[in-house]
1. Can you tell me how many residues in segment 15-41 are without any contact (Cβ under 8 Å) to a residue 40 or more places away in the chain, in contact with a strand residue (DSSP E or B) (Cβ under 9 Å, 6 or more places away or on another chain) and under 26 Å from residue 185 (Cβ atoms)?
2. When both residues are 6+ apart or on different chains and their Cβ atoms are under 9 Å apart, which pairs have a first residue that lies in segment 234-259 and is at positive phi, and a second that is part of a loop (DSSP other than H, G, I, E, B)?
3. Of 194, 199, 151, 136, which residue is more than 16 Å from residue 76 (Cα to Cα) and in contact with a helix residue (DSSP H, G or I) (Cβ under 9 Å, 6 or more places away or on another chain)?
4. Exactly one condition in (1) under 14 Å from the mean Cα position of the chain (by Cα); (2) within 15 Å of residue 5 (Cβ to Cβ) is false for residue 176; which is it?
5. Identify the residue in segment 76-105 that is farther than 15 Å from residue 322 by Cα and in contact with a strand residue (DSSP E or B) (Cβ under 6 Å, 6 or more places away or on another chain) and, among all such residues, is surrounded by the fewest Cβ atoms within 10 Å (Cβ to Cβ).
6. Kindly establish whether residue 72 is out of contact with any strand residue (DSSP E or B) (no Cβ under 6 Å at 6 or more places or on another chain), more than 24 Å from residue 228 (Cβ to Cβ) and either in the same structural domain as residue 218 (by TED's automatic domain parsing) or surrounded by 21 or more Cβ atoms within 10 Å (Cβ to Cβ) (or both).
7. Assess whether residue 244 counts as being farther than 20 Å from residue 350 by Cα, under 21 Å from the mean Cα position of the chain (by Cα) and either not in a loop (DSSP other than H, G, I, E, B) or not assigned by TED's automatic domain parsing to the domain that holds residue 162 (or both).
8. Assess whether residue 100 counts as being in a loop (DSSP other than H, G, I, E, B), touching a helix residue (DSSP H, G or I) at 6+ places or on another chain (Cβ under 9 Å) and in contact (Cβ under 8 Å) with a residue 24 or more places away in the chain.
């Protein structure tokens, strides 16, 4: 039986870190993720855990120290948001190409400029091709649960890739919610001890981490990374199922909400899925068959699985909380649109941009989207593609 608590998303993730008790946590503060290393430092000071906390001078140094600790054989993590992760940019690629099982707790926040401290997904979506696994949470419970699964995924022998555990800034990170914690002994048994096979401080093995790769070798490393990313898809599902047996909450690559018989579907990531579920429930009461496919894992991108789940849907609203500046669509629409094309889907698709810089997204917004989607499907009325929702009139 789990432990009932009321925690913010940041508190929930910090508590999960306490339960895992990793070896090393270098970190530098940035809103809205600052509370996570602050709370971990308090746990260390109180003697609750023996993690080595390293205060550094920047986020670039935070990821550098995390890479060094992981390469030396330690279970390591850090936390950041927005511009903090942007300062880590070079090192994100280094961590992934070195195949280090690092965990980054990312609290999603808009990237400058103009300066904004509220939620959108521009930070993580900007890093979507850096080689990191990306797992997103709708609410505080999922943020906690996702972290408990992270090391089991990243440290798996068929994966060995860093994992980004993402939650929405302020919306989940600072809002209190009722959640259920897993007992400490169960967490320790589930996560297990980290016993790396290869690491720099192993006296019995001479290895290099991050060597210079000439043209004859570089492509092979990239092939190894993508093989590991593909392997991660199966591992994520296996770990999610095992976590379900322990906690009663199973996880996969995405969640389907009232999607089985849906004529219309939303596809989206993060906390706004809760608002969309409320709109779906209201529309269902009115006889409109609407559902939701909430993406949990964006990397590896579950293209085949998602197109299969959407195969009977007539109209799809793809919701992006980040701008890719392609001039054509947001990042989710770009990737899912390509997947639907490859699957020869006949569904009609509209892409919407919403919630940038923390802009409100409401039940009425969602219901208006369904009205447009139905008009497109039933009356062949061409919609405005790549539409910004909730934009102030000029």
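1. The total comes to 2.
2. 248/2; 258/289
3. The match here is 136.
4. (1)
5. Here the answer is 104.
6. no
7. Criteria met by residue 244.
8. yes
The values are calculated or read from the model by the stated rules, or taken from the named source; none is laboratory data. Owing to the predicted nature of the structure, the values given are computational and were not obtained by experimental measurement. Reconstructed Cβ throughout: ideal geometry from the backbone, glycine too, with neighbour counts over all protein chains shown.
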